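Since the structure comes first, as structure tokens, the remarks are kept for the end.
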Amino acid sequence: EADIYQTPRYLVIGTGKKITLECSQTMGHDKMYWYQQDPGMELHLIHYSYGVNSTEKGDLSSESTVSRIRTEHFPLTLESARPSHTSQYLCASSPRAGAQYFGPGTRLLVL
Amino acid sequence: AQSVTQLDSQVPVFEEAPVELRCNYSSSVSVYLFWYVQYPNQGLQLLLKYLSGSTLVKSINGFEAEFNKSQTSFHLRKPSVHISDTAEYFCAVSLGGSQGNLIFGKGTKLSVKP
């Protein structure tokens with residue numbers, strides 16, 4: 001099992017603010033992912049990375065950006081938060097083959 | 001395009017009853033298959049996975065799933081559910097082996113009633 005951490009767990013913020021959601025994993029997994037999930041709904045892949053200096057856009061268009069400077073760290077940034085960004089954001093990592101392991105998620109509310 | 005279909009959005013059952021959560025996928029290539037469980041306000045937890053070998057896979061808490069290639073299915077079953085099994089369950093498929101991203105179904109909400 002991977003140890004994967006997300007901070008903050010909950011965030012309430014005003015429109016127009018810049019925010020960064022943190023995600024770290026301690027298992028040395030190459031691949032990392034960000035998903036967006038509205039309450040009780042399916043997951044949508046918004047970003048992923050194959051490794052350091054690799055970032056790719058997912059299936060769902062997102063105004064967020066990501067970076068992968070270190071293997072263990074995959075932060076997601078919103079330059080200017082809007083109410084439409086209100087959602088749960090889930091980070092995951094995986095070794096080259098097999099399952100993805102998820103963090104506990106960040107619930108974001110933009111007022 | 002590849003897809004994952006979870007046929008039931010909600011499944012209510014009584015405690016100690018058996019349950020089956022259905023999952024079908026469409027793919028013409030080999031796949032890896034997964035079931036995840038999500039409790040309220042939490043991330044997803046891996047429940048069980050099929051990568052190769054025996055088509056029947058089991059979890060430590062009594063769930064099992066069987067990969068049926070001819071029917072392209074990976075249904076999840078438990079012979080006797082508990083109140084604590086109440087959660088949302090997601091089926092996922094990884095296409096193209098190790099490099100494939102996961103494709104998730106829309107989820108099935110299992111509600112276990114006393």
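The values are calculated or read from the model by the stated rules, or taken from the named source; none is laboratory data. It should be emphasised that the depicted structure is a prediction, and the values quoted were computed from it without experimental measurement. Here Cβ is always computed from backbone atoms with ideal geometry, including for glycine, and neighbour counts include all displayed protein chains. Each accessible area value is taken on the protein alone, full model and side chains, heavy atoms only, with ligands, DNA and RNA left out. Shrake-Rupley method; radii C 1.70, N 1.55, O 1.52, S 1.80 Å.
Is it fair to say B:Lys69 is charged (D, E, K, R) and touching a strand residue (DSSP E or B) at 6+ places or on another chain (Cβ under 7 Å)? Judged against the criteria, B:Lys69 is not a match. Applying the criterion of being touching a His at 6+ places or on another chain (Cβ under 9 Å) and not aromatic (Phe, Trp, Tyr) to the residues of the range A:14-37, the residue that is surrounded by the most Cβ atoms within 10 Å (Cβ to Cβ) is A:Met32. Based on what the data block shows, is B:Lys49 open to solvent by 50 Å² or more (accessible area, probe 1.4 Å) and in contact (Cβ under 8 Å) with a residue 12 or more places away in the chain? Yes: the conditions hold for B:Lys49. Among the residues examined, B:Phe63 qualifies as free of Cβ contacts under 8 Å to residues at least 40 places away in the same chain, more than 11 Å from every other protein chain (Cβ to nearest Cβ) and open to solvent by less than 50 Å² (accessible area, probe 1.4 Å).
Inside the range B:12-43, can you point out the residues that are within 30 Å of A:Leu108 (Cβ to Cβ), within 12 Å of chain A (Cβ to nearest Cβ) and under 12 Å from the mean Cα position of the chain (by Cα)? First the steps, then the outcome.
Start the filter on the range B:12-43 by keeping residues that are within 30 Å of A:Leu108 (Cβ to Cβ), which leaves B:21, B:23, B:34-43.
Next, from what is left, pick out any that are within 12 Å of chain A (Cβ to nearest Cβ): B:34-43.
Of everything in the range B:12-43, those that are within 30 Å of A:Leu108 (Cβ to Cβ), within 12 Å of chain A (Cβ to nearest Cβ) and under 12 Å from the mean Cα position of the chain (by Cα) turn out to be B:Phe34, B:Trp35, B:Tyr36, B:Val37, B:Gln38.
Among the candidates A:Ser24, A:Ser62, single out the residue that is modelled with pLDDT under 95 and either closer than 30 Å to B:Thr108 by Cα or in a strand (DSSP E or B) (or both). Result: A:Ser62 is the single residue among A:Ser24, A:Ser62 that is modelled with pLDDT under 95 and either closer than 30 Å to B:Thr108 by Cα or in a strand (DSSP E or B) (or both).
Sort out which residues of the range A:65-105 are away from every other protein chain (no Cβ under 14 Å), open to solvent by 10 Å² or more (accessible area, probe 1.4 Å) and either of a type in the set (Gly, Ala, Ser) or touching a residue at least 40 places away in the same chain (Cβ under 8 Å) (or both), and write them in order of number. It would help to see each step written out before you state the result.
Just the residues of the range A:65-105 that are away from every other protein chain (no Cβ under 14 Å), to begin with: A:65-86.
Then keep just the ones that are open to solvent by 10 Å² or more (accessible area, probe 1.4 Å); that gives A:65-67, A:69-73, A:75, A:77, A:79-80, A:82-86.
Hits for the range A:65-105 are A:Ser67, A:Thr71, A:Glu72, A:His73, A:Pro75, A:Thr77, A:Glu79, A:Ser80, A:Arg82, A:Pro83, A:Ser84.
Can you go through B:Pro79, B:Pro40 and tell me which one is more than 17 Å from B:Glu15 (Cα to Cα) and open to solvent by 10 Å² or more (accessible area, probe 1.4 Å)?
Working: B:Pro79 fails: more than 17 Å from B:Glu15 (Cα to Cα).
The match here is B:Pro40.
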